[in-house]
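None of the figures in this text is laboratory data; all of them are computed from the coordinates on show. Quantities reported herein were computed from a predicted structural model and do not represent experimental measurements. Here Cβ is always computed from backbone atoms with ideal geometry, including for glycine, and neighbour counts include all displayed protein chains.
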Amino acid sequence: MKQIDAKVKAQILVEALPYIQQYVGKIIVIKYGGNAMINEELKEAVIKDVVLLNLIGVRVVLVHGGGPEISEMLEKVGKESVFLNGLRCTDDETMDIVQMVLCGKVNKNLVSMLQKAGGRGVGLAGVDGNLFEAVRRDEEHGNVGNIVDVHPEIVLDVLEKGYIPVVSSIAAGVDQTMNYNINADFAAEKLAIALHAKKFILLTDVKGLMRDFRDEDSLIREVKVSQVPGLMKEGVISGGMIPKVQCCVEAIRQGVETVNIQDGRIPHSILIEILSNEGIGTVFY
Ligand SMILES: Nc1ncnc2c1ncn2[C@@H]1O[C@H](COP(=O)(O)OP(=O)(O)O)[C@@H](O)[C@H]1O
Ligand SMILES: CC(=O)N[C@@H](CCC(=O)OP(=O)(O)O)C(=O)O
């Protein structure tokens, strides 16, 4: 690694101070999508940003997806992935695999990486401490749930002790008889609202919200939530962006100060957003 002169390092830290001060003691919820977990190097960059923020006293909560990893595992056991309106149709066998992959593989991998980077992670599934309670969404999606209640106490306890909560998007049924598969964007949004987060960041595999998502230069930097219905009508927001943007709007309406959709493929994009005036990606306010 290229060494930076100590004077330069000191200068960089001093310049970062006013930005950091805004966030010390505040909660930031980061949704880390499976499509943004492209390789180990990029994952390490995300993890280091999270550890650094935690070390300087920002209360960071990581909510992760893992859609591509679930699909890969389903393929290995000979099951096809079926999506309806962007949500995975989840029969009982698929639900077992969703839980194994999200709560086992992806969650523990992120916790290990946090620890390797000098942080202290605690993995939680949305069923732990009754964090998320859900009801069945509809018959077509099978075991996919809508979160109807959030009990954030377990996350607050973990934060209080200085750990970094790493949350997977599984919810307990309200009657506790079964668990549900929850889209990770929805789970993160609900948690950001319940925790009164200052900021909610969604890391994905595009630069942000684009006027034309095939054109990398058409990034929309700022969106007022009142502009969203118009953008939907124009067809600017489509596919996987529809639920994502709905999450952003709901989070702002429910009191989260700013919400950002940004590119998890850019190394250290979290720090770039937090430590600069210009920021990165699309900010909703
Ligand atoms: N206006 C838009 N700007 C950016 N992406 C868009 C837009 N409209 C649709 N999309 C699609 O939304 C996708 C991101 O949503 P999704 O695949 O669900 O992300 P994730 O897996 O990170 O949750 C992009 O890869 C892109 O194909
Ligand atoms: C109901 C539903 O679709 N659940 C998602 C949960 C994981 C997820 O959302 O992961 P990404 O953020 O990586 O897409 C799924 O089964 O794929």
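Listing for the model above:
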read-out	value
For segment 78-154, share of DSSP beta bridges that run antiparallel, in % to the nearest 5	90 percent
HN-Hα J in Hz across segment 124-140 - Karplus 6.51, -1.76, 1.60, θ = phi - 60°, x for Gly and Pro	9, 8, x, 7, 5, x, 6, 3, 10, 10, 9, 10, 4, 5, 6, 6, 4
Equivalent ellipsoid semi-axes, the chain, via Cα gyration tensor eigenvalues times 5, rooted, Å	29, 23, 19
Nearest-ten-degree value, helix 241-253 long axis tilted from longest Cα axis of the chain	70 degrees
Ranked Thr90, Thr177, Thr258, criterion: other C-beta atoms within 10 Å, fewest first	Thr177, Thr258, Thr90
Percentage relative contact order, segment 26-284, counting C-alpha pairs under 8 Å, at least six apart	23 percent
Within the chain, longest stretch free of exposed GluC sites (Glu not before Pro) [DSSP loop, at most 15 other beta carbons within 10 Å]	1-79
Gly142 long-range amide H proximity, modeled H, under 5 Å	Thr90
Degrees between helix 67-76 axis and first principal axis of the chain (Cα, 0 to 90, nearest 10)	50 degrees
Residue pairs, from the table Lys76/Lys199; Lys43/Lys190; Lys108/Lys190; Lys161/Lys207; Lys79/Lys199, whose Cα atoms sit over 28 Å apart	Lys76/Lys199; Lys161/Lys207; Lys79/Lys199
Sequence-distant aspartates and glutamates (8 or more away, or on other chains) whose Cα lies within less than 17 Å of Lys233	Asp212
Of all DSSP beta bridges in the chain, antiparallel share, percent nearest 5	30 percent
0 to 90° range, to nearest 10: angle between helix 184-194 axis and the chain longest Cα axis	70 degrees
Residue-span extension gain [Val174 to Val135] - 0.36 nm each, minus C-alpha spacing	13.4 nm
Amide H within-cut-off set for Val122, under 5 Å, with H built and near neighbours excluded	Ile164, Val166
Alpha-carbon Rg/Rh ratio, for segment 1-151, with Rh computed the Kirkwood way	1.06
Only Lys, Arg (+1) and Asp, Glu (-1) charged, at Cβ; segment 116-191 dipole about Cα centre in debye	420 debye
Value of [θ]222 nm, deg cm²/dmol, for the chain, DSSP H segments ≥ 4, -39500 (n - 2.57) each, nearest 500	-11500 deg cm²/dmol
Positive-end extreme of charge dipole, the chain - chosen from Ser112, Gly33, Met95 (charges on Cβ)	Ser112
Dipole magnitude of the chain about its Cα centre (Cβ charges: Lys, Arg +1; Asp, Glu -1), debye to nearest 20	960 debye
Note, ³J(HN,Hα) from phi for segment 151-164, Karplus 6.51, -1.76, 1.60, rounded to Hz, x at Gly and Pro	10, x, 4, 4, 5, 5, 5, 5, 5, 4, 7, x, 7, 9
Rough spin-label spacing in nm, given labels placed 7 Å along Cα→Cβ, for Gln11 and Asp212	4.2 nm
Residues with amide H under 5 Å from that of His268, placed H, sequence gap 5 or more	Val46
Fraction of the pair-distance distribution of segment 133-285 above 18 Å, Cα-Cα pairs, percent	62 percent
